1. Can you tell me how many residues in segment A:339-386 are basic (Lys, Arg), modelled with pLDDT under 90 and either loosely packed, with under 13 Cβ neighbours inside 10 Å or outside any loop (DSSP other than H, G, I, E, B) (or both)?
2. Residues that are under 21 Å from A:Thr211 (Cβ atoms): list the strands (runs of 3 or more DSSP E) wholly contained in segment A:84-184 that include at least 2 such residues.
3. Could you grab me the full set of residues in segment A:190-211 that are free of Cβ contacts under 8 Å to residues at least 60 places away in the same chain and either of a type in the set (Ser, Thr, Tyr) or closer than 23 Å to A:Thr129 by Cα (or both)?
4. Taking segment A:108-134 as the region of interest, how many residues are touching a residue at least 40 places away in the same chain (Cβ under 8 Å) and either closer than 16 Å to A:Ala157 by Cα or open to solvent by less than 10 Å² (accessible area, probe 1.4 Å) (or both)?
5. Determine whether segment A:245-254 contains at least one residue that is within 12 Å of chain B (Cβ to nearest Cβ) and either farther than 24 Å from A:Trp99 by Cα or open to solvent by less than 10 Å² (accessible area, probe 1.4 Å) (or both).
6. Is segment A:172-191 home to any residue that is under 23 Å from the mean Cα position of the chain (by Cα), within 18 Å of A:Asp108 (Cα to Cα) and β-branched (Val, Ile, Thr)?
7. Among (1) surrounded by 22 or more Cβ atoms within 10 Å (Cβ to Cβ); (2) touching a Gly at 6+ places or on another chain (Cβ under 9 Å); (3) not basic (Lys, Arg), there is one condition A:Thr271 misses while meeting the rest; what is its number?
8. Which residues, counting only those in segment A:193-252, are among the polar types (S, T, N, Q) and within 23 Å of the chain's Cα centre (by Cα)?
Amino acid sequence: MTETNTSAERLTTKTAPRLVASPFLAQYLLVQPGLAAGVRIPEVRYEELRASGAEGRSVPDWLTDAAREAWGTELPSSPVGDIVLVRERSRYGYGKASWEINLGCDYDCEFCYLGEKRFEGLDWAGKQTLLQTLRDAGVLWLQITGGEALIDREFGAAYEYAHQLGMMVQVSSNGSSLRKQPIRDLFARHRPYRLTLSVYGATAETYDKVTRNRGAFNRFLMGLDAAREDRLPVRLNVIVSDDNAHETDAMVRLAKSYGFPHQVFTNMSPTIDGEANPLATQALGHLKARSIFTGCNAGHTFFHVNPHGIASICKVGRDPSVNLITEGVEALPRLGVIAESLQLRTGGCSGCTKVGTCRTCRPLARLYQEAGDRRELYCQHGGYGS
Amino acid sequence: MTPPTATLTPPREPVMLTIGRRRMETPTSAPPVQLTALSIKDDEFQIIANLDEAAEGAECSCSAGDDQPY
């Protein structure tokens, strides 16, 4: 199953591969979509699989051993091409990407960094083109996010197509639709690499108030029940704001009661348009300093794509950008140059003497500066992190 | 009112332009955070218990993405 640039129509009729062999940054990996374990292989074995797929050779003994050891899987003695999708090398060298499939959301949280959340994005043909571009860029790990990703009309088709192209797909969601049978069936057919769900409260009263959606908490719990029953690889993000901070411990207990790993997030950032509204919703007593910024490969090894196929270096530094739909994959290397310019200490950070211990990357600092420059929330000169 | 000192702009001469494709950027050779290539022999494979560990090189140390997880 050596990958080729066939038409989208043909690709949609393909099934997702059982294993994927792929270059990934400075290494070669053998992965089973949806599973946390994998196998690192030398280049010579990647080439062997590539040639075997093209020549119709059977699964080599070492691959049988590796699959047994990594996943407890017994591979049939079939042609390699029936078992393994060999991803081609990409001259662009990216390994990961995040994609906001749609900014629309069924929740209306006051602290959302997206600001205005419109239900709009690419049509199906555009989504297919984008996903092929991500493949050609070398993306092995793809995070599909939103808005609320699961309520996009073509989420299921896009999710399946990404699997067919040999990607490890991670989904970020509020979990409001997780209980629905079509979603459960989809995730049973193609297990996500990770399903990250946000937690906005531990009681119906608080959760529904934060999300401004009546009945949302009960639907969320039904989703968690379904995910546990289906043994999905869930991670919970506990989101602390001034409206739910009194339930922080209860939210953590909720996460533990399901046996899902969790992280607690307390820092809100300005909206992507530089509006300060989310900052007012922070629970000030719960804020935690970020770790010291030591560099970033945004725009070099990973990038972000908005619902219209506009790629930026990350979710924070969205401007300048490149249009993957009109310009194609050839536009992506410009992100590396954009990243270098966005990381320069310019504007309010020019000549800063505390760069070495700064906890805020330059694109994020710029968002704070545009949103009113409350230095105590991002800058050492305002006391942040001290 | 147009000031009496105003002069008409001379008609513009046509200028020859060459319209071509934007020069393609080439991928930069080294990312800001160095990627570590673990050594592996040609006749071996290495089991990775958690692929997050292998994917680390593509991450951002600033956790900016984590600031917006909601």
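The values are calculated or read from the model by the stated rules, or taken from the named source; none is laboratory data. Remember, it's a predicted structure, so these values are computed and weren't measured experimentally. Methodologically, a virtual Cβ is constructed for each residue, glycine included, from the backbone with ideal geometry; neighbour enumeration extends over all protein chains shown. Heads up: the accessible areas ignore ligands, DNA and RNA and are worked out on the full protein's heavy atoms, side chains in. Shrake-Rupley method; radii C 1.70, N 1.55, O 1.52, S 1.80 Å.
1. 0
2. It comes to A:96-102, A:141-146, A:168-173.
3. Across segment A:190-211, the qualifying residues are A:Thr196, A:Ser198, A:Thr203, A:Thr206, A:Tyr207.
4. The number of residues fulfilling the criteria is 12.
5. no
6. No, because not a single residue in segment A:172-191 is under 23 Å from the mean Cα position of the chain (by Cα), within 18 Å of A:Asp108 (Cα to Cα) and β-branched (Val, Ile, Thr).
7. (1)
8. A:Thr196, A:Ser198, A:Thr211, A:Asn237, A:Ser241
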